[in-house]
Amino acid sequence: MDSKELKNKILRLKEEKNAVILAHYYQIDDIQEIADIRGDSLALAIEAKKLSAEIIVFCGVKFMAETAKVLCPDRKVLIPEIDSVCPLADMATRKEVLKKKEELGNPTIVSYVNTNVDVKTVSDICCTSANAVNVVKSIEEKRVLFVPDRNLGSYVKEQVPEKEVILWDGYCPVHEEYSVEDLGKLRKEHYNAKVAVHPESPKKIRDMADFIGSTSGIINYVNKTNAKEFIIGTEEGILYELKLNNPGKIFYIIGSKSVCTNMKKITLESLYRALKDEIYEIKLDEKTIELAEKPIERMVSIKRT
């Protein structure tokens, strides 16, 4: 089947089965184009909760589909590729976090939403890259174990010096690859361009940026900024939304490896197959949902920037 035929079949199945297709901004263009809603992981999960669809097909990585299931336990949540996992999320486990918490004398655990559900079940509160600073500020306790992204954690630590923020040694392989040399070269070639990077980027990259923000934050910044050229420091899938909203602007991605191979595993073929056969369902037991829901709901209540 060609892509047009596949898209038509997917749209028919979606109507027949009362399904909704959610796509993260880092998905391939074809998936973003056919999705009912595009967004970052938390925004998609929150939107899913508002919808009446019986089936949620989450085009992203596994932790995102798990979050949707926690917030929508009465829905069937599918992920088109079951091995579409997040290397960052896999850098922390429930057992490891509990061990570290005991070693450190029981600090408050703030877990990035980019964690698997087992870590969320032992977290006090979750956060997104858009509200991580506000989440840590909202905590009464002075000591925080920030899991699992050391770069986002160090950014939070800079913004909230009154707290002791202890960093887990995890990182996003895509953002970790950015180099000062690559960014410097781009800035020299495009000296009028504004630099917008994700806080998952290393500090040396953040220090060179005009704007630091979440995926949705970068999109909003570009939409509102009058500059004609932008250097972007996050996964290349964001370009679909940026170009859609800003046809007159030019974008450059830092380096040559801004590709999350796990995000790119989902194709029109796998989306069609998942919806047709209702395969790769996310299943969580009631206790897991109950424990994970509390830190997620606390996160949702904190303002995003």
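Bear in mind these aren't lab numbers, they're just calculated from the coordinates by the rules spelled out. Since the model is a prediction, treat every value here as computed from it, not as a measurement. Please note: Cβ atoms are built from the backbone with ideal geometry, for glycine as well, and neighbour counts cover all protein chains shown.
Between Thr267, Thr234, Thr115, the Gaussian network model of the chain with springs among Cα atoms under 10 angstrom shows the greatest mean-square fluctuation at Thr267. Along the charge dipole of the stretch 178-253, pointing to its positive end and built from +1/-1 on Cβ of Lys, Arg, Asp and Glu, which listed residue (Tyr240, Ala227, Ile212) has its Cα farthest out? My answer, from the dipole projection, is Ala227. Normalised by 2.2 N^0.38 Å, where N is the number of residues, the C-alpha radius of gyration of the chain stands at 0.99. In the stretch 167-222, the alpha-carbon atoms span a convex hull of 85 Å³ per residue. Only beta bridges with both residues in the chain are counted; by DSSP, about 5 percent of them are antiparallel. For the stretch 126-168, GluC sites (Glu not before Pro) are listed when DSSP marks them as loop and at most 14 other Cβ atoms sit within 10 Å of their Cβ; the list is Glu140, Glu141, Glu162.
Simple spin-label estimate for Glu278 and Thr225 gives 4.6 nm between the two label positions (7 Å along the Cα-to-Cβ direction from each Cα). Remark on Gly170: its backbone amide H falls under 5 Å from those of Arg150, a criterion applied only to residues 5 or more positions apart or on other chains, H modelled at 1.01 Å from N. Mind jotting down the distance between the C-alpha centroids of the stretch 219-280 and the stretch 155-204, whole Å? Cα centroid of the stretch 155-204 versus Cα centroid of the stretch 219-280: 19 Å apart. Taking Lys and Arg as +1 and Asp and Glu as -1, the other residues whose beta-carbon sits under 14 Å from that of Ser301 total +3. With a simple spin-label model that places each label point 7 Å from the Cα along the Cα-to-Cβ direction, the separation between Asn106 and Lys142 comes to 1.7 nm. Of the trypsin sites (Lys or Arg not before Pro) found in the stretch 230-284, the ones in coil according to DSSP and having at most 11 other Cβ atoms within 10 Å of their Cβ are Lys283. Seen from Thr128, the other residues with C-beta closer than 10 Å to its C-beta sum to a net charge of 0, counting Lys and Arg as +1 and Asp and Glu as -1.
Note on Ile254, Ile79: ascending count of other Cβ atoms within 10 Å places them as Ile254, Ile79, the fewest first. Comparing Pro161, Pro199, Pro247 in a Gaussian network model of the chain, where Cα atoms under 10 Å apart are tied by springs, the biggest mean-square fluctuation is seen for Pro247. Projected onto their three principal axes, the Cα atoms of the stretch 178-253 cover extents of 29, 24, 19 Å, largest first.
Between Ser3 and Lys50, the simple spin-label model (points 7 angstrom out along Cα→Cβ) gives 2.9 nm.
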